[in-house]
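The structure under discussion appears below in the form of structure tokens.
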Amino acid sequence: MKCLSFLGLSLFLIFSAQAEETGDRRIFATAPYLQNPVDNGVTVSWVTRVPVYGWVEYGEDPQQLKKVHTLVDGQVICNDFIHKIRLEPLIPGKTYYYRVCSREILSYKAYSKEFGHTAVTEIREFRLPSPEESDFTALIFNDIHKKHELLDALFEQVKEYPYDLVFFNGDCIDDPADQEQAVRSIAYYNRKVGADRIPVFYLRGNHEIRNAYSIGLRELFDYVGDKTYGAFNWGDTRFVMLDCGEDKPDDHPVYYGLNDFAQLRLDQAGFLKREFASKAFKKSAKKVLIHHIPIYRSSLPDADDDRFNPCKELWGDLLSRAPFQVALNGHTHRFAHIPAGTDSNPFPVVVGGGNSLERATVMVLQRQGKQMTLRVLNTGGEELLKLDL
Ligand SMILES: [Fe+2]
Ligand SMILES: [Fe+2]
């Protein structure tokens, strides 16, 4: 009899667990992913397959999590598929635990609401660095072009690094046709790099600007300063991220008059002036520039591409006096190291390869005390470059 009850209980638990899992899977389209880890806060984002009321439970003690949801004009933001909840203020250096909850909304009417299953993720942890911290490891991927096998092969080479943040430096969610397609790639990338505990930065490449869902992509991201360019500190290292826009002039017929990247580049000239004059930039121990399209590129094999280079015209003067240790780029699909001074570049420029297993690379940027090192690896694990910066 005892045996039977035990069996009954086990079956009940198995079926309950399965039902729970099925219910949760039906609701969550992505795992939560961490973005915009600046100003003592972080944004938890996730996507659901059904409209939900979403909230995050977080805190320093996994047994005592507090609930946070987002309000706008006195109302809780809900009944939607894409969710972003800001956790702040956080204390840098402390480990935080969180989980995401999504309660299905079956009907949302004036005087009645109907709710379904509440899906809950497992508890995850994360930590933001304190301002004086120096050490970190960052992984930088570029030009994955939705070929998930490229990320698989590259990640295999770097997964042993104890990395703290991850950049996708453009052309990773290329030509997004619709939300479902974009979410599929983002969910895959996030899962691969563990974005539920490691903050991710999605920089825009020229291919993120193309196709029907290119404008919609913004819904899935939480940009630093709400712009596709910006700057932030990770410990005492400053990262400056730029958006070069499209690779052809705004008046090219394929854009049908719907682009104005001339203005966006001009805005960034203003941003760079303010950034270089800022205390945060001046005080930082190391400075890293990161953007998709290389600005300094006349020595590259496809130098023809140098004909349209408005970023260099607009930002070249400002950058020539900027004390960056390195610039990290992509776009050409061929790995290149352009030592300082080669193409009038005031700092070394490293261009990641991409788009095929033969050419794709991943960068590992590491700080250890005063040292900063950049490694570039290919899909076979071969180290193509090691720079001390
Ligand atoms: Fe590309
Ligand atoms: Fe590109």
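The values are calculated or read from the model by the stated rules, or taken from the named source; none is laboratory data. Computed from a prediction, not measured in an experiment: that's the story for all the values here. Because the Cβ atoms are built from the backbone with ideal geometry, glycine has one as well, and the counts that use them run over all protein chains shown. Surface areas here come from the heavy atoms of the whole protein model, side chains and all, with no ligands, DNA or RNA. Shrake-Rupley method; radii C 1.70, N 1.55, O 1.52, S 1.80 Å.
Residue-by-condition table, conditions (1) part of a loop (DSSP other than H, G, I, E, B); (2) at negative phi:
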| site | (1), (2) |
| --- | --- |
| Phe81 | no, yes |
| Pro89 | yes, yes |
| Gly93 | yes, no |
| Arg103 | no, yes |
| Pro129 | yes, yes |
| Glu133 | yes, yes |
| Lys146 | yes, no |
| Glu149 | no, yes |
| Gln157 | no, yes |
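Being farther than 14 Å from Leu289 by Cβ, in contact with a Ser or Thr (Cβ under 9 Å, 6 or more places away or on another chain) and of a type in the set (Ser, Thr, Tyr) is the filter here, so list the residues in region 317-355 that pass it. The answer is Thr342, Ser344. Selection over region 324-362 of residues that are hydrophobic (A, V, I, L, M, F, W, C) and within 16 Å of ligand 2 (Cβ to nearest atom) gives a count of 8. Put simply, of Val120, Val100 the only residue that is touching a His at 6+ places or on another chain (Cβ under 9 Å) and among the β-branched types (Val, Ile, Thr) is Val100.
Applying the criterion of being closer than 26 Å to Ala231 by Cβ and in contact with a helix residue (DSSP H, G or I) (Cβ under 7 Å, 6 or more places away or on another chain) to the residues of region 197-216, the residue that is surrounded by the most Cβ atoms within 10 Å (Cβ to Cβ) is Glu208. Would you be able to say whether some residue in region 311-320 is in contact with a helix residue (DSSP H, G or I) (Cβ under 8 Å, 6 or more places away or on another chain), over 19 Å from Asp250 (Cα atoms) and among the polar types (S, T, N, Q)? Checked against the condition, which is being in contact with a helix residue (DSSP H, G or I) (Cβ under 8 Å, 6 or more places away or on another chain), over 19 Å from Asp250 (Cα atoms) and among the polar types (S, T, N, Q), region 311-320 yields no hits at all. Counting only strands (runs of 3 or more DSSP E) that sit wholly inside region 281-389, those with at least 2 residues that are at pLDDT 95 or above, under 24 Å from the mean Cα position of the chain (by Cα) and on the phi > 0 side of the Ramachandran plot are 326-333.
For region 250-279, residues that are assigned to a helix (DSSP H, G or I) and open to solvent by 40 Å² or more (accessible area, probe 1.4 Å) total 10. For Arg197, state whether it is part of a loop (DSSP other than H, G, I, E, B), under 14 Å from the mean Cα position of the chain (by Cα) and charged (D, E, K, R). Spelling it out, Arg197 is indeed part of a loop (DSSP other than H, G, I, E, B), under 14 Å from the mean Cα position of the chain (by Cα) and charged (D, E, K, R). Residues that are in contact with a Phe, Trp or Tyr (Cβ under 6 Å, 6 or more places away or on another chain), closer than 26 Å to Lys286 by Cβ and outside any strand (DSSP E or B) are absent from region 170-181.
Of all the numbered requirements in (1) open to solvent by less than 70 Å² (accessible area, probe 1.4 Å); (2) in contact (Cβ under 8 Å) with a residue 24 or more places away in the chain, Asn40 misses one, and that requirement is (1).
Among the conditions (1) farther than 29 Å from Gly54 by Cα; (2) within 16 Å of ligand 2 (Cβ to nearest atom); (3) among the hydroxyl-bearing types (Ser, Thr, Tyr), Ser214 misses just one, which is (1). Of all residue pairs spaced 6 or more apart or on separate chains, those with beta-carbon atoms under 7 Å, a first member in region 96-123 that is in the same structural domain as Val50 (by TED's automatic domain parsing) and a second member that is open to solvent by 50 Å² or more (accessible area, probe 1.4 Å) and of a type in the set (Gly, Ala, Ser) are Thr121/Ala31. Considering Leu314, Leu319, the condition of being away from ligand 2 (no atom under 16 Å from the Cβ), more than 19 Å from Leu387 (Cα to Cα) and open to solvent by less than 20 Å² (accessible area, probe 1.4 Å) is satisfied by Leu319 alone.
Considering only residues in region 327-353 that are surrounded by 23 or more Cβ atoms within 10 Å (Cβ to Cβ) and hydrophobic (A, V, I, L, M, F, W, C), the one that is nearest to ligand 1 (Cβ to nearest atom) turns out to be Val351.
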